[in-house]
Amino acid sequence: MAWDRSGDRSGKPDLAASALRAQHRSEALASRLPPLLVAADRVASTVAQGVHGRRRVGTGETFWQYRRYEIGDSATMIDWRQSGKSQPVFVRENEWEAAQSVWLWHDASASMDYRSAASLPTKRERAELLLLALAVLLVRGGERVSLLGSGVPPSGNKVTLNRMAMTLIEEQLPKTGLPKVPPLPRHAQAVLIGDLLSPLPEIHQTVASFSGRGVRGHLVQVLDPAEETLPFAGRVEFEGLEGEEELLIPRVEMIRQTYLERLQAHRDGLAALARAAGWSFATHRTDRPPQTALLALHGAIAQERSLAPAQQPSRAPAQEPTS
């Protein structure tokens, strides 16, 4: 870094100009909203009519942490003293802000590409819409959001939403049925959206890993209506989307009741493990309006947020499911 004759660091104005140019570029990028984000914004706007915006509490915490400046960060967040020690530009945020973040994830595995009718969205499409619409609502309310597995820290601006939309559209996230559990701040929240048809012990392990680190969360099971009702009749060959062998059923109606009972047992198991971990659990069908699920999910997050860490009741540890 250069020094002028007066002894002041001449790099500071350059850093400010660089940050300002980056912010202008990010705003220009955000103006070109992809269709997915437009749809999510429309859904969020409908739900927002019944949701009062909330402001984050003031900076009562005095513990600060530093991270590198990112496109979309306000220039006022830059800590010039810390940035002056090295070339990268750093911003600072208090510990409370880092903890009060919502980490979003959706199942990107092949089973999510299913839909039983051309008039319906695939499970993946509906999960992406719910995830992004929720992000829009949260950012509007002053929250900080991030995609699990993206490697991008949580933020709360329009550029973040555009970046998230592009990540989803370009399918940059791991195509796994359950997320890896990264180290997250205590009292952060996680939202997991998918068909949640993995074995219950695997889902339990994931939820327990999150809750064991002090992360609260929400499970949302998204299913196609045919997966809930098994409406087929007669001789039907079922083809797996994730490498499973084909299954030929001579008379589907003969196994319908058993199928429905097993599906309900699996769903009951999801509800039980979520409840034991202090998480919420909700279901959604792709033939129903996304606004209903979004409103319930946003309400669950707001309820968790209203409980300060010190006020939260103790919760029983998640029990290992029996099936």
- Are any residues in the range 104-138 part of a loop (DSSP other than H, G, I, E, B), in contact with a Lys or Arg (Cβ under 8 Å, 6 or more places away or on another chain) and either at pLDDT 95 or above or not aliphatic (A, V, I, L, M) (or both), and if so, which ones? ASP107, SER109, TYR114, ARG115, PRO121, THR122
- Give just the number: which of (1) on the phi > 0 side of the Ramachandran plot; (2) surrounded by 14 or more Cβ atoms within 10 Å (Cβ to Cβ) does GLU171 not satisfy? (2)
- Query: Taking the range 120-148 as the region of interest, how many residues are β-branched (Val, Ile, Thr) and surrounded by fewer than 20 Cβ atoms within 10 Å (Cβ to Cβ)?
  - Reply: 1
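Could you say which residue among GLU253, GLU245 is over 30 Å from TRP103 (Cα atoms) and in a loop (DSSP other than H, G, I, E, B)?
Working: GLU253 fails: in a loop (DSSP other than H, G, I, E, B).
Checking each option against the conditions leaves just GLU245.
If the requirement is being assigned to a strand (DSSP E or B) and either touching a helix residue (DSSP H, G or I) at 6+ places or on another chain (Cβ under 8 Å) or within 25 Å of GLN100 (Cα to Cα) (or both), which of these qualifies: ALA282, ALA296, ALA276?
It is ALA282.
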- Which condition breaks for SER280 when tested against (1) at pLDDT below 85; (2) within 13 Å of GLY217 (Cβ to Cβ)? (1)
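Quick check on my filter: what residues within the range 232-250 are farther than 18 Å from SER111 by Cα and surrounded by 12 or more Cβ atoms within 10 Å (Cβ to Cβ)?
Selection gives PHE232, VAL236, ILE249.
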- Query: Is there a residue in the range 167-181 that is in contact with a Pro (Cβ under 7 Å, 6 or more places away or on another chain), outside any loop (DSSP other than H, G, I, E, B) and modelled with pLDDT under 90?
  - Reply: yes
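The values are calculated or read from the model by the stated rules, or taken from the named source; none is laboratory data. Fair warning: this is a prediction, and the values are worked out from it, not measured in the lab. With ideal geometry, Cβ positions are generated from the backbone for all residues, glycine too; neighbour counts draw on all protein chains shown.
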